[in-house]
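The next block holds one structure in the form of structure tokens; read it before the comments.
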There are 2 protein chains.
Amino acid sequence: MKQIKLGLSAWRMGYHIAAWRHPSVQPDGSMDLSHFKAVAQAAERYRFDLIFMPDELAIRGEDNPEGARSRGSHVAELEPITLLSALAALTQHVGLVSTGSTTYAEPYNTARQFLSLDHLSNGRAGWNVVTSWGKEDALNFGHLAAPDYNLRYERASEFVDVVRGLWNSWDADAFLRDKESGLFFDPQKMHVLDHKGDHFNVRGPLHMARSPQGEPVIFFAGDSEAGRDVAARAADVVFTAKQTLEDAQAFYASVKGRLAANGRTEDELLIMPGLMPIVGRTREEAEAKHEALQNLIDPLIGLASLYDRLGDLSDYDLDGPVPEPKDPAFRSRAEVIYKLAQKEGYTIRQLYMALASGRGHRVVIGTAEDVADAMQEWQEGRAADGFNIIPTHLPEALDDFGTLVIPELQRRGLVRTEYDGTSLRDNLGLPKRGL
Amino acid sequence: MKQIKLGLSAWRMGYHIAAWRHPSVQPDGSMDLSHFKAVAQAAERYRFDLIFMPDELAIRGEDNPEGARSRGSHVAELEPITLLSALAALTQHVGLVSTGSTTYAEPYNTARQFLSLDHLSNGRAGWNVVTSWGKEDALNFGHLAAPDYNLRYERASEFVDVVRGLWNSWDADAFLRDKESGLFFDPQKMHVLDHKGDHFNVRGPLHMARSPQGEPVIFFAGDSEAGRDVAARAADVVFTAKQTLEDAQAFYASVKGRLAANGRTEDELLIMPGLMPIVGRTREEAEAKHEALQNLIDPLIGLASLYDRLGDLSDYDLDGPVPEPKDPAFRSRAEVIYKLAQKEGYTIRQLYMALASGRGHRVVIGTAEDVADAMQEWQEGRAADGFNIIPTHLPEALDDFGTLVIPELQRRGLVRTEYDGTSLRDNLGLPKRGL
């Protein structure tokens, strides 16, 4: 039986917007290695394939309703590449996936840091490619606004090619390190990239040996046509946010359908939608856990949580209808939640309450059986190869999933009971990759 | 008695050009975390204040004599920020200092990664500011050559100001994290940098709490007038390469003399020349250790070792005189070694043999007493506040220093026997710093 792949969103103190106020949560956890050490080691105990760090390059939400900013925990956090490098030394098996922007970085630096993380962890690194759309990000890098959508994706596509080219600077057997003859490497097995493109000129070679797993694993989350095309060409794993089986199946078919044209098989790219599980020993207990978190949401933060998908709604009546999204920059992420509001007839307040837990991702509230059923249905229905599990708050909600749902999935033979390889590609069942 | 500060160059497999061929050395050590873990933990056992990682952004030496390149171990190494982040999780006391370029990076990214390393290590991070003069580096970042000297230093100076500004985004007591009221921080204690300069526009604030040590420690190694001015204004520690007491005293006086004009006292900036110790239980044993390493130098590598200071000498007679350096880009580092060749009447071959061990840095070959004397003389003579100890090969030459010289220095009361603080500033006796 094909197994379900499991990622863990290990961001901050959890993904729920009020996570830091939960009684079980260490409120300065997002600045503290010991918090992440506990999370990463728990992920390994539960046999996750990988932990995943989203990232932002600024304090977002400057246009949020007044007073919201000082109530959000997103203003102070560790940087993900350095954090995952520290965790590489504290874990043995779990994959370490960091987000990295293609808009405000140099490909040589990005190639080097991710490949270094890969070597530090003996082949467990992954790079989640993002293009950084936010205005606040742009202002920290000398720009008044992010480049437009198409330009960002063109640059991202070339950036990924350059990074992969640099990762292929050396054959796996290039280094002789022969003390006797004095030859350190075989010059025939070194490859100078000499990339000259629209956005980058990068000569190479990278001054680092090839990855133990061929190349670090590339993750991508673009939902647009351009994003799907880049993913089908270059990504190993696609993250996505889908609420319904039908939407997830359509996305799955669309992305997998683009692989053949790129000379790739369906097994070479995994699709892993986000899933926020809220798990209890009974459904009532699960609902009560959810309710307790929802009650911690500050109304100012509720509005702010809608801002990056629907824009500033502070001039609208909280108990009135949700206005139609206009800014095309928000389009792909707004579409899902706007549809939801229409379908359910939500007011703005009802919408932010409904979204606050999952923030665009599918939320499943119930027993271990309920959550395992929800996962199995999507996997069997060709909607998912695995899931990016997004705990509401850390580490408690991860422990709920790990101690209740994981044993149920293991009982069904849907996830592993022991690690059986050494690299992230081994964990994910992906072949070694190289150009 | 004022104590001598101790840094450890933990680069690659040691600083000697033939280090990787030494029988004791793991020849793939520069790609292996376990090598650096052993070095860092030894540094802590010997009570070093800090370990230091130089860095390059390319495989240098493309114009070296044919065949030299494939004989050098500098072609494959881990990236220093990620490496030191892993070592942060494996050490408790020793400072973690990485080189970071101001020419091919964005200040927001640099500020963030170094401050994150600082938090991961509970206040033990330092940033060695460099401007990346190499042509090979430039070619990896879309430039045909490095910007000229003055432009690099102007940019570096502004870059450091931006980074320090971002590090001061939050007061130490800015974060309330009050679960009851929902207030995460006090908006009065957040500072928006809003830097607009000749080279950078960076708004900020940085989305990370202030350093436990106020700011990470800033290291600088510029020897020129411009470099000394930037150091006196912004650096906490200056690294330098000086061969003689007189040269070191002149440099010490010159840099310390610039502090008052910057409103700083002499105690606020430490000067730490490089020192390569080759230590034996007898002088004969030390000489024999040196000889054994020198005999491992490939002549092709010998010429290549002169390249970055004197240019390509492959058209000259190896047994003829050393030609005068012409390129101003090489001037400051070339001056010292050209003078040495003149004074000693060295041929090219004799020069590369003489330089190969220290590569511009002072070499002391002898017993523990000899090395301790050499250190004490410079400290008492106002030529050094401490030393960046540069082992020929790792970890063996570090262990020689640690087991022979450290006890002698401790006996003289010149270095600590136990760590007495928690941060790198504590180790170095530097006050907390902030804007």
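Annotation: amide H of B:Arg124 within the under-5 Å range of B:Leu424, sequence separation 5 or more or interchain, hydrogens built in the peptide plane. Looking at the square roots a ≥ b ≥ c of the eigenvalues of the Cα gyration tensor of segment B:107-182, which shape do they give, rounded for a/c under 1.5, prolate if a/b is larger than b/c, or oblate? Taking the square roots of the gyration eigenvalues as a ≥ b ≥ c, segment B:107-182 is prolate.
Shortest first, A:Asp173 label-point distances to identical copies amount to 6.6 nm, with the label point at 7 Å from Cα along Cα→Cβ. Centre-to-centre, using Cα atoms only, segment B:59-108 and segment B:349-384 are separated by 24 Å. The Kirkwood radius of the protein assembly as shown, taken over pairs of alpha-carbon atoms, gives through the Stokes-Einstein law at 25 °C and 0.890 mPa s a diffusion coefficient of 86 µm² s⁻¹. For chain A, the longest principal axis of the C-alpha atoms and the axis of helix A:33-45 are separated by about 80°. So if we plug the beta-carbon distance of B:Lys179 and A:Gln350 into 1/(1 + (r/R0)^6) with R0 = 30 Å, what FRET efficiency do we get, rounded to 0.05? That gives a FRET efficiency of 0.75. Distances from A:Asp55 to itself in the other copies, using label points 7 Å out along the Cα-Cβ axis, amount to 1.3 nm in increasing order.
So between B:Leu144 and B:Lys343, what do we pick up on full extension, going 0.36 nm a residue minus the alpha carbon distance?
Working: separation 199, 0.36 × 199 = 71.64 nm, distance 3.67 nm.
Fully extending the segment from B:Leu144 to B:Lys343 adds 68.0 nm.
Counting from the shortest, the label point at B:Ala288, 7 Å from Cα toward Cβ, is 7.7 nm from the same position in each remaining copy.
Do any GluC sites (Glu not before Pro) in segment B:144-218 lie in a loop, going by DSSP, with at most 15 other beta-carbon atoms within 10 Å of their beta carbon, and if so which? Don't skip to the end; give the middle numbers.
On the way: sites: B:Glu154, B:Glu158, B:Glu180; in loops: B:Glu180.
Taking segment B:144-218 and a limit of 15 other Cβ atoms within 10 Å, the loop GluC sites (Glu not before Pro) found are B:Glu180.
Here the 3J(HN,Hα) profile of segment A:122-137, calculated from phi with Karplus coefficients 6.51, -1.76 and 1.60 at θ = phi - 60°, is 6, x, 10, 8, x, 10, 8, 7, 10, 10, 6, 7, x, 5, 5, 4 Hz, Gly and Pro shown as x. Computed from backbone phi with θ = phi - 60° and the Karplus coefficients 6.51, -1.76 and 1.60, the 3J(HN,Hα) list for segment A:364-376 is 10, 10, x, 7, 4, 5, 4, 5, 5, 4, 4, 6, 5 Hz; x is used for glycine and proline.
For segment B:1-36, the list of trypsin sites (Lys or Arg not before Pro) that fall in a loop by DSSP and count at most 13 other C-beta atoms within 10 angstrom reads B:Lys2. Annotation for segment A:247-302 versus segment B:141-195: alpha-carbon center distance of 35 Å. Excluding the site residues themselves, the longest part of chain A lacking any chymotrypsin sites (Phe, Trp or Tyr not before Pro) in a DSSP loop with at most 15 other Cβ atoms within 10 Å is A:1-315. The tail of the calculated P(r) for segment A:277-391 beyond 20 Å holds 49 percent of all Cα-Cα pairs. Look at the alpha carbon pairs under 8 Å that are at least 6 residues apart: their mean separation over the length of chain B gives a relative contact order of 24 percent.
Which of B:Asp148, B:Asp118, B:Asp399 moves the most in a Gaussian network model of chain B with Cα springs under 10 Å? With Cα springs under 10 Å in chain B, the top fluctuation among B:Asp148, B:Asp118, B:Asp399 is at B:Asp148.
Go ahead and estimate [θ] at 222 nm for chain B from helices alone: -39,500 (n - 2.57) per DSSP H run with n ≥ 4, summed, over the residue count, rounded to 500.
Numbers: 15 runs with 158 residues, N = 435.
Estimated from H runs of four or more residues: -11000 deg cm²/dmol.
Amide hydrogen proximity for A:Ile218: with H placed 1.01 Å from N in the peptide plane, the residues at 5 or more positions away or on another chain lying under 5 Å are A:Trp127, A:Asp236, A:Val237.
Measuring between alpha carbons in the structure, the pairs from A:Lys135/A:Lys339; A:Lys179/A:Lys432; A:Lys5/A:Lys256; A:Lys5/A:Lys432; A:Lys5/A:Lys289; A:Lys256/A:Lys339 lying more than 19 angstrom apart are A:Lys135/A:Lys339; A:Lys179/A:Lys432; A:Lys5/A:Lys289; A:Lys256/A:Lys339.
Just want the ordering: A:Asp420, B:Asp32, from fewest to most Cβ atoms lying within 10 Å of their own Cβ. Show your work: numbers first, answer last.
Details: A:Asp420 10, B:Asp32 16.
Going from least to most buried by this count: A:Asp420, B:Asp32.
The orientation-averaged shadow of the Cα convex hull for chain B, equal to a quarter of the hull surface, comes to 21.3 nm².
Note down the relative contact order for segment B:320-382 as a percent, whole number, built from C-alpha pairs under 8 angstrom at least six residues apart.
Details: 28 pairs, mean separation 17.6, N = 63.
Result for segment B:320-382 is 28 percent.
Assign one of three labels to segment A:1-128, namely rounded, prolate or oblate, based on the Cα gyration tensor with a ≥ b ≥ c the square roots of its eigenvalues; rounded applies when a/c is under 1.5, prolate when it is not and a/b is larger than b/c, and oblate otherwise. Verdict is oblate for segment A:1-128.
Nearest 10 degrees, 0 to 90: what angle lies between the long axis of helix A:283-294 and the longest principal axis of chain A (Cα atoms)? Value to nearest ten degrees: 90.
Each value in this text was obtained by applying a stated rule to the coordinates, not by laboratory testing. All figures in this text were calculated on a predicted structure; none of them were measured in a lab. Note: ideal-geometry Cβ built from the backbone for every residue, glycine included; neighbour counts use all protein chains shown.
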